[in-house]
Amino acid sequence: MTAQTDTPGSVTTVYQVSGMSCGHCEGAVSGEISGIAGVTSVKAVASTGEVTVVSTAALDAEAVRAAVDEAGFELAGTA
């Protein structure tokens, strides 16, 4: 996971998710992560396995892991 602050009150984090292979996979992961409190934007890219999340504050890694698990994929580590 790579985190950086883009604008005041905004944190961008890039996660590596294994198992995504199509647009449906991207949507499933994005939908679950979007449900985490504070998340303002999610962009999943199946070809790279990267999921970029913009949030109002740093997210709890276990909450992200649980959301990815719920979507049927695995949080592989940092991008």
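Nothing in this text is a laboratory measurement; each read-out follows from the coordinates by a stated rule. Fair warning: this is a prediction, and the values are worked out from it, not measured in the lab. Here the Cβ is made from the backbone with ideal geometry for all residues, glycine too, and neighbour counts use every protein chain on show.
Tabulated data
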quantity	calculated
Degrees separating the helix 61-70 axis from the principal Cα axis of the chain, which is the longest one	30
The range 48-79-the range 12-31 distance, computed between alpha-carbon centres (Å)	8
Estimated [θ] at 222 nm from DSSP helical runs (n ≥ 4, -39500 (n - 2.57)) normalised by residues in the chain, nearest 500	-8500 deg cm²/dmol
Anisotropy class of the chain from Cα gyration tensor, a/c 1.5 cut	prolate
The chain, dipole about Cα centre (Lys/Arg Cβ +1, Asp/Glu Cβ -1), debye to the nearest 20	160
Folded to 0 to 90 degrees: helix 23-34 orientation relative to the chain principal axis, Cα	40
Length added when fully stretched, Thr48-Ile36, from 0.36 nm per residue minus Cα-Cα	2.1 nm
